[in-house]
Each structure stands twice: as C-alpha cells, then as structure tokens.
Amino acid sequence: MAMITVFRASISRSLPNCFPNLLSSSSNRNSAPKKNKLLCYAASSHTKTIRSEMSFCIGTHMIPHPKKVERGGEDSFFVSDYNGGVIAVADGVSGWAERNVDPSLFPQELMANASCLVGDEEVSYDPQILIRKAHAATSAVGSATVIVAMLEANGKLKIANVGDCGLRVIRGDQVFFSTSPQEHYFDCPYQLSSEIAGQTYLDAVVSRVEVMEGDTIVMGSDGLFDNVFDHEIVSTVVGHSDVAEAGIS
C-alpha cells in the first residue's frame, strides 16, 4: 500500500480562516525513478488574503506507507488562502534513494517555492505558470509528480497537473469532474525533475471547471486513487457531509 496524501475541500461563499501552508509526502513506485512522505508545515509571508465571493474550506490527511512511517515519506503539499484558495500536492519519487539522494528534498522545495509564488505578478493566478516558476527555483536533486488547483472568486477552478496526482470534483452523489493521470508507461508517470530529461510545465494537463457552493474537491497523490475507487470516495464524502458543513474535513 502506498502512502496517501489527501485534500478534501468544500466550496463556500464565506471567507475562510487563513490556511497554513503545508508540505508532506506519499506513494510508491517501481519505475525509474519511483516514489514515496515527510510531513512538515511552512507558512509563506508572500501569501495574502483577498476577499473573494467563493472560497475553499479545507481539511488534509496523510497515511504513510507502513515501512516509511518513521521518516515520514517523500511528498509535500501546500494550502494557501490567496484569492479563493490554492491547493497543491507534489509526490516525491522514491527511486532517488537508490542513488543515495533523499527523495523528500525535491518535492519539499518545489512546494515551498510554489507557496511563496502564488501572489507573484507573473504567475497571475495561472497554475501552469506557478509550476514553471516553482520548478525553475528548485535546486534540490530529485523529481516529483505535481498538481496545483486555484479557485477564482467567480467559481472557476484552474488545475494543472504533471503525472499521476489527481483531483475529483464531487457534486451531490457523483463525480462531476476528474483529472487523468499521465504516464510514459505503467508505473512510470510524467514527473518534474532536476534532470534535463524530465518533464516541464509545458507537459502539464491544464483544466478549468466551474464549481458550485457545496461541491467537494478531493485532491491527492496516486496513493489515494490507486487504492480507492471513485465510488468509494463518493460514498465516504456523502456519508460524512456533516463534517464539511461544520467547516472542516
């Protein structure tokens, strides 16, 4: 079983409390290189709150691989309350450990850079450009799959993902929108890397979806979506709707 990084976000019209910016880890792969989690928290001084019509109400949870509990894993994520909200996951590639490289360093630095750049004028609330700038600023050796979602005040959710982290928008009792994984071949996903041979922001799948108040967004690493079917995710969300209504998940 792989480690799982999960976001559950419900859409609200009220302004959320300031979210912490977070970093953590997830997953397991046999490809070149393969993946894995470390939990840490970082706050960005560059993140600012702008009153918006629609916003996220967010909860997070991570389940490490049993063999990696002690060191936490190699994935990271962050949450920002900038504009309607920004959520992102980077799933570190554990195969780097075979080269005596700490697989957690690349995704941690990638997410830390992204958290500092959400309000950058050049980013202009474009998740693909955020990925470009965060990747360019990352000097750690390693690689990671990544997904970034940004909610605009008008309810438009912008998504950019490289690899097999995923996102589901659940409306009522069904999946309204789903991202698709990118793989070179089985167990070898697209990934941003410190190596020239890796993918770039240009390889990201860019999506836009209009969300509504009451929608639930589930974002996570492949550790979630490889182990839990969509209908199981939906039934869990529907069965715990009172949690979302309480403002936390």
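The values are calculated or read from the model by the stated rules, or taken from the named source; none is laboratory data. Quantities reported herein were computed from a predicted structural model and do not represent experimental measurements. Cβ coordinates were reconstructed from backbone atoms using ideal geometry, including for glycine residues, and neighbour counts include every protein chain displayed. Note: accessible area is taken over every heavy atom of the protein model, side chains too, but ligands, DNA and RNA are not part of it. Shrake-Rupley method; radii C 1.70, N 1.55, O 1.52, S 1.80 Å.
Of LYS158, LYS133, all but one fail to be closer than 30 Å to GLY239 by Cβ and touching a helix residue (DSSP H, G or I) at 6+ places or on another chain (Cβ under 8 Å); the exception is LYS158. Selection of strands (runs of 3 or more DSSP E) fully inside segment 118-191 by the criterion of at least 1 residues being under 15 Å from the mean Cα position of the chain (by Cα) returns 143-151, 156-162, 166-171, 174-178.
Summed over segment 93-128, the residues that are more than 21 Å from GLU74 (Cα to Cα) and either in contact with a helix residue (DSSP H, G or I) (Cβ under 7 Å, 6 or more places away or on another chain) or polar (S, T, N, Q) (or both) give a count of 7. Scanning segment 192-213 for residues that are over 17 Å from ASN161 (Cα atoms) and surrounded by 15 or more Cβ atoms within 10 Å (Cβ to Cβ) turns up SER194, VAL211. Does segment 116-123 include one or more residues that are over 25 Å from GLY84 (Cα atoms) and open to solvent by 50 Å² or more (accessible area, probe 1.4 Å)? Checked segment 116-123: no residue is over 25 Å from GLY84 (Cα atoms) and open to solvent by 50 Å² or more (accessible area, probe 1.4 Å). Looking at segment 51-114, the strands (runs of 3 or more DSSP E) lying wholly inside it that each contain 1 or more residues that are among the charged types (D, E, K, R) and either open to solvent by less than 10 Å² (accessible area, probe 1.4 Å) or within 13 Å of THR145 (Cα to Cα) (or both) sit at 86-92. A single entry from SER26, SER31 fulfils the requirement of being at pLDDT below 70, of a type in the set (Ser, Thr, Tyr) and open to solvent by less than 10 Å² (accessible area, probe 1.4 Å): SER26.
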